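Beneath this line is the structure, given in structure tokens, with notes to follow.
Values in this text are rule-based calculations from the coordinates and carry no lab data. Note that the structure is predicted; figures quoted are calculated from it, not measured. For neighbour counting, all protein chains shown are included, and Cβ atoms are generated from backbone atoms with ideal geometry for every residue, glycine included.
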Amino acid sequence: MNSNSLQRRTALALVMSAALLGACAQTQPAPNAPVTAVMGTVDLREPAPLAPDAVLVVELQDTSRADAPAPVISQQSMRLEGLKPPYSFKLPVEPSRLNPASQYTVTSRITQGNQLIFINDTVHPVLTRGAGSKADMMLVRVTP
């Protein structure tokens, strides 16, 4: 084997090693990368035992228009059987469905069967108008 062939093989091995190391390197998301999820927790102001069929529903809504129903952008439902508060949630968000000029809020509720048991009574803005992508909510008991 001549030295020219050996140099080419060595160079090829170095290039391939550098490419593999580059592929393995962790990259940080760009600072202006679009948000792809809204996360947070839901807790109960008055902890109470819940029936096995209790369900937590968390929704991301476009609440820009006060005179119209708020369209749901993303929703997560989870059965609460065996779980204890606070409950964590993660709502996936398709960036193409968001308008920077709109207002988005997160709401949550717990139902048992068809009956509303707990609901949030505070507005939780997210994603636009200086709001972040995290919402920690406290639910209050609904009085019949």
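Per-structure values
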| quantity | calculated |
| --- | --- |
| Point-to-point label distance, Gln112-Glu81, nm (Cα→Cβ direction, 7 Å offset) | 1.5 nm |
| Relative contact order, percent, segment 37-141 [alpha-carbon distance under 8 Å, six or more residues apart] | 37 percent |
| Net charge, Leu139 excluded, C-beta distance under 13 Å - Lys, Arg +1, Asp, Glu -1 | -1 |
| Two-site label geometry, Ala131 and Ala48: point separation in nm, points 7 Å out along Cα→Cβ | 2.7 nm |
| Calculated SAXS-style log₁₀ I(q)/I(0) at q = 0.15 Å⁻¹ - segment 37-141, Debye, Cα scatterers | -0.60 |
| Chain lengthening between Val123 and Thr36 when straightened (0.36 nm per residue, less Cα-Cα) | 29.2 nm |
